[in-house]
Amino acid sequence: MESNSSAASRRLQTLNTHLRPASSSPSTASSSSSVLSFLPTAAQQNSAFQHLQQAPDDPILGVTIAYNKDQSPVKLNLGVGAYRTEEGKPYVLRVVREAEERLISDRSRNKEYLPITGIPTFNKLSAKLILGEDSPAIRERRVCTAQCLSGTGSLRVGAEFLAKHYSQKTIYIPTPTWGNHTKVFSLGGLQVKNYRYYDPRTRGLDFEGMLQDLRSAPSGVVVLLHACAHNPTGVDPTPGQWEGIRQVIRSKNMLPFFDSAYQGFASGSLDVDAHAVRLFVTDGGECLVAQSFAKNMGLYGERVGALSLVCSSESVATRADSQLKLVIRPMYSNPPIHGASIVATVLGDRNLYQEWTVELKAMADRIIRMRHLLYEALRARGTPGNWEHIIKQIGMFTFTGLSKEQVNFMTREYHVYMTSDGRISMAGLSSKTVPHLADAIHAAVTKKAGQ
Amino acid sequence: MESEPISSPSAFQHLMQAPEDPIIGVTTAFSKDPSPVKLNVGVGAYRCEEGKPYVPQVVREAELRLLNDLSRNKEYLPITGNPQFTGLSAKLIFGEDSPALNQKRVCTVQCLSGTGSIRVGAEFLAKHYAHKTVYIPIPTWGNHPTIFTVAGLEVKSYTYYDSNTRGLDYEGLLRDLNAAPSGVVVLLHACAHNPTGVDPTADQWKGIQKLIRGKNMLPFFDCAYQGFASGNLIKDAFSVRLFAGDGGECFVAQSYAKNMGLYGERVGALSMVCGSESVAKRVESQVKLIIRPLYSTPPIHGAAVAATVLGDRELFNEWKADLQGMADRIIHMRQLLHEALKARGTPGDWSHIIKQIGMFSFTGLTKEQVAFITDKFHIYITFDGRVSMAGLSVKTVPYLAEAIHIAVTTVLE
């Protein structure tokens with residue numbers, strides 16, 4: 001061995017000695033190469049990451065992991081918000097398959113890098129979809145749109161942009177909200193604060209509390225708003241309430257940041273579900289909108305989304321666009337082709353678009369039907385409590401109001417999986433499984449003390 | 001109260017117009033140029049002899065198979081990506097028989113091509129590594145310093161390129177790394193250094209390894225050209241396997257943009273070779289916390305294509321042959337350009353064109369000469385004189401040679 005590695009060699013021998021089983025003799029230390037192999041240029045055998053803790057599983061995704069491990073034939077996964085058919089299967093939209101077939105058969109297509117901000121036609125069509133064909137903001141070229149990685153990616157790019165360029169580096173988010181929001185914004189560089197939103201007593205919107213909290217927040221802060229089908233509660237403001245919210249936000253010069261993950265999925269109507277966003281855009285003020293096509297086009301894992309900045313002028317929009325690129329380039333350079341091409345194909349073809357709206361409405365209608373079935377099933381069982389919120393809440397989820405203990409009970413005894421906050425994905429139910437869920441809820445509510 | 005249009009000033013009135021990315025800016029300028037003889041040797045994307053983008057046949061085949069498999073759906077991938085893809089990716093770079101893999105000391109996550117892999121790795125290091133400084137070679141890919149800085153690491157440099165020899169300044173490299181503090185992160189280009197095309201020899205790699213391990217530094221490989229540099233996947237993995245095989249730790253960012261022609265589908269992987277299986281498990285749980293607030297889970301399509309190719313023996317062999325073909329065409333272009341310059345008697349030593357490796361040639365042209373070439377000949381090169389050999393063809397080499405000749409003889413340095 002080279003002389004300059006003798007120190008390392010001695011350290012290794014000492015380490016080796018400590019790692020040997022107690023019964024083996026010291027004389028075997030130098031030859032127990034099965035424990036450690038010495039290489040002249042090897043680093044110290046301890047890891048630079050020895051101190052790392054095992055991080056807990058993501059609470060939402062962890063539900064599916066636990067579900068997968070469960071062997072019970074009656075297990076039910078109502079955790080992650082992915083649409084399921086009546087047969088309980090994932091659903092790939094017909095228009096998506098059609099679009100994919102067109103794209104892949106088109107040999108004139110290639111895999112060249114997209115622009116940093118993504119496919120231009122996708123961006124334009126996405127903006128039109130959420131803001132409306134006749135949106136003044138689009139007509140006045142005040143909107144800059146960047147293709148991003150679904151809702152999460154759009155929020156993260158927006159957050160980093162704001163942390164870099166906006167004067168108030170604080171965002172107010174509703175209580176409760178999607179579990180990932182806080183991390184996305186804080187890692188993006190913003191301080192995160194909360195405003196009241198959900199009223200557990202009414203299982204509806206705490207409108208007064210929300211307005212109070214916004215009024216007492218500093219001027220100019222960013223405010224996260226769920227465009228429709230609030231996640232996890234399913235509780236949305238009425239149009240009248242949205243107007244009230246708009247007035248407070250504009251009077252305090254706050255910057256709205258919309259998370260729009262369910263357009264068309266909430267009510268079945270793309271325009272109805274865009275009401276809140278369009279209300280704010282029509283008043284001429286600025287806002288950010290993060291769009292996701294995960295649910296409404298069933299594109300989940302292809303990561304398709306868009307971030308739009310509605311600015312007060314074309315000049316600002318142009319400059320904002322150039323600055324967005326500086327955020328995206330060191331993150332992933334440019335976005336993936338495939339998913340956004342599918343969306344652009346569907347949105348840009350009149351027949352496919354039409355067909356899409358029909359499929360979308362069918363998905364939304366099925367979910368609404370599940371809400372009614374579950375509500376009736378609980379009423380039929382005489383389950384104590386008021387369960388109207390199941391049919392009043394909107395979108396994919398129902399915030400049942402069940403306690404953590406009740407949730408655990410349902411998982412343990414009935415193999416029903418949901419997030420610990422009592423949020424169930426209605427999209428994961430079918431007419432066959434509603435009875436089982438109703439039984440589980442009934443048992444949980446009557447056998448365990450309520451929350 | 002009626003809602004009146006708001007006419008308050010913009011919250012972003014103060015924004016400056018950001019300058020265009022220099023590399024992408026070259027292609028933008030190229031697209032705007034109406035000249036019929038224009039030539040784009042700026043961005044590093046492979047072109048076939050006809051000058052067209054190239055989608056490997058195995059990619060088309062894989063896409064067809066995926067399309068026709070009606071059992072496939074669009075459900076979210078795990079945060080760490082497609083497990084088949086990550087497993088095969090790790091095997092590709094480390095080798096089937098890699099002890100690190102066999103000892104389960106490697107955590108591999110699917111990321112968005114090279115950039116995404118580096119960004120996730122950099123954020124992980126900024127969060128968990130004791131020394132929040134990375135040393136990058138001079139020069140390096142333009143996006144490197146930005147990625148590391150935004151992720152939270154301090155960026156310093158080490159000598160790499162010798163403009164006199166147009167080769168590696170090996171002594172300078174060793175000197176600078178020796179002078180650096182112990183334990184820092186060191187960025188290494190696995191092969192086909194971008195933009196210079198200058199790679200260490202096997203012996204030089206061993207010298208670098210000795211220094212890095214001796215100072216307990218953490219190597220972070222950027223591997224964007226495996227198989228593309230020499231045409232041989234194993235040969236191009238030499239440096240990574242050297243480090244991964246010595247028992248120490250390292251990070252490896254892999255990209256399939258060039259070698260599988262998947263550019264815009266953003267296919268890549270970050271592998272963290274750890275000291276033990278236990279550490280690798282904990283590392284995996286922690287890296288998820290970085291990915292989830294960035295984009296939640298990676299995109300399905302590109303990784304599914306790559307996994308299909310890597311996992312099917314026929315497709316894999318066809319791919320290897322295709323890769324060899326692409327690499328050979330580039331090497332051929334190097335030879336042609338070198339001969340063309342020699343034939344014209346262009347002043348200077350142009351042997352670096354055939355010595356340098358990979359997609360790019362660091363020509364040594366000055367900024368003024370580059371501007372001249374673009375202006376007079378409509379040939380688009382990045383301002384640092386980097387030419388994408390992949391953008392040349394038998395027909396266009398003479399034109400470039402002519403342009404270089406005139407630039408060198410008329411534009412004084």
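Comparing B:GLY231, B:GLY247, B:GLY268 in a Gaussian network model of chain B where C-alpha atoms under 10 Å apart are linked, the largest mean-square fluctuation is found at B:GLY247. Modelled spin labels at A:LYS252 and A:ALA55, positioned 7 Å past Cα toward Cβ, are 3.2 nm from each other. Of A:CYS148, B:CYS48, the order by accessible heavy-atom surface (1.4 Å probe, DNA, RNA and ligands excluded), from most exposed downward, is B:CYS48, A:CYS148. Pairing chain B with chain A buries about 7700 Å² of accessible area. This figure sums both sides and uses a 1.4 Å probe. Note on chain B: GNM, Cα springs under 10 Å; of B:ALA29, B:ALA340, B:ALA192, the largest mean-square fluctuation is that of B:ALA29.
In this structure A:VAL74 has an accessible area near 70 Å², from a 1.4 Å probe over the protein heavy atoms. Considering only DSSP beta bridges where both residues belong to the stretch B:76-311, give the percentage that are antiparallel (nearest 5). In the stretch B:76-311, approximately 45 percent of DSSP beta bridges are antiparallel ones. For the stretch B:94-138, trypsin sites (Lys or Arg not before Pro) are listed when DSSP marks them as loop and at most 14 other Cβ atoms sit within 10 Å of their Cβ; the list is B:LYS104. Sorting A:THR238, A:THR152, A:THR357 by accessible area puts them as A:THR238, A:THR357, A:THR152; the probe is 1.4 Å, largest comes first, and only protein heavy atoms count.
Ligands, DNA and RNA left out, the 1.4 Å accessible surface of the stretch A:113-348 is 52% carbon and sulfur atoms. Among B:LYS104/B:LYS320; A:LYS75/A:LYS124; A:LYS69/B:LYS91; A:LYS295/A:LYS447; A:LYS69/A:LYS447; A:LYS75/B:LYS288, which pairs are too far apart, with a Cα-Cα distance over 32 Å? Checking Cα-Cα distances, A:LYS75/A:LYS124; A:LYS295/A:LYS447 exceed 32 Å.
Close amide H partners of B:PHE360, meaning residues 5 or more places away or on another chain with modelled amide H under 5 Å apart, are B:MET389.
From the alpha carbon centroid of the stretch B:198-233 to that of the stretch B:106-130 is 18 Å. Distance between the pseudo-spin-label points of B:CYS48 and A:GLU405 (7 Å out from Cα toward the beta carbon): 7.0 nm. The DSSP beta bridges internal to the stretch A:113-348 are antiparallel in roughly 45% of cases. Karplus-derived 3J(HN,Hα) values for the stretch B:366-377, using 6.51 cos²θ - 1.76 cosθ + 1.60 with θ = phi - 60°, are 7, 4, 5, 5, 5, 4, 4, 4, 5, 5, 7, 10 Hz; glycine and proline are entered as x.
Taking every protein chain into account, the 1.4 Å probe leaves B:HIS131 with about 80 Å² of accessible area, to the nearest ten. For peptide B:223-231, the mean count of partner chain Cβ atoms within 10 Å of a residue's Cβ comes to 0. Taking all protein chains together and rolling a 1.4 Å probe, B:SER182 ends up with roughly 70 Å² accessible. Applying 1/(1 + (r/R0)^6) with r as the Cβ-Cβ distance of B:LYS342 and B:ASN102 and R0 = 35 angstrom yields a FRET efficiency of 0.10. Here the Karplus relation 6.51 cos²θ - 1.76 cosθ + 1.60, evaluated at θ = phi - 60°, turns the backbone of the stretch A:409-415 into coupling constants of 4, 5, 5, 5, 8, 10, 6 Hz, with x for every Gly and Pro. In whole Å, how far is the Cα centre of the stretch A:277-338 from that of the stretch B:333-384? Their Cα centres are 40 Å away from one another. When A:ILE390, B:ILE331 are compared by accessible surface with a 1.4 Å probe, the order from highest to lowest is B:ILE331, A:ILE390. Checking the Cα-Cα distances for A:LYS111/B:LYS127; A:LYS111/B:LYS74; A:LYS89/B:LYS127 against a 32 Å cut-off, the pairs over it are A:LYS111/B:LYS127; A:LYS89/B:LYS127. Averaged over the residues of B:49-55, the number of partner chain Cβ atoms lying within 10 Å of the residue Cβ comes to 2. Two decimals is fine: what is log10 I(q)/I(0) at q = 0.08, 0.12 Å⁻¹ for chain B, from a Debye sum with one equal scatterer on every Cα and no solvent? Result of the Debye calculation: -0.46, -1.00. Note on A:LYS193: lysines with a C-alpha under 17 Å away, same-chain residues under 8 apart excluded, are A:LYS169, A:LYS183, A:LYS252.
Coupling constants for the stretch A:114-119 follow from the phi torsions by the Karplus curve (6.51 cos²θ - 1.76 cosθ + 1.60, θ = phi - 60°), and in residue order they are 6, x, 3, 8, x, 6 Hz; glycine and proline get x. Comparing B:TYR295, B:TYR54, B:TYR225 in a Gaussian network model of chain B, where Cα atoms under 10 Å apart are tied by springs, the biggest mean-square fluctuation is seen for B:TYR295.
The values are calculated or read from the model by the stated rules, or taken from the named source; none is laboratory data. Source: prediction; values computed, not measured. Here Cβ is always computed from backbone atoms with ideal geometry, including for glycine, and neighbour counts include all displayed protein chains. SASA here: full protein model, heavy atoms, side chains in, ligands and nucleic acids out. Shrake-Rupley method; radii C 1.70, N 1.55, O 1.52, S 1.80 Å.
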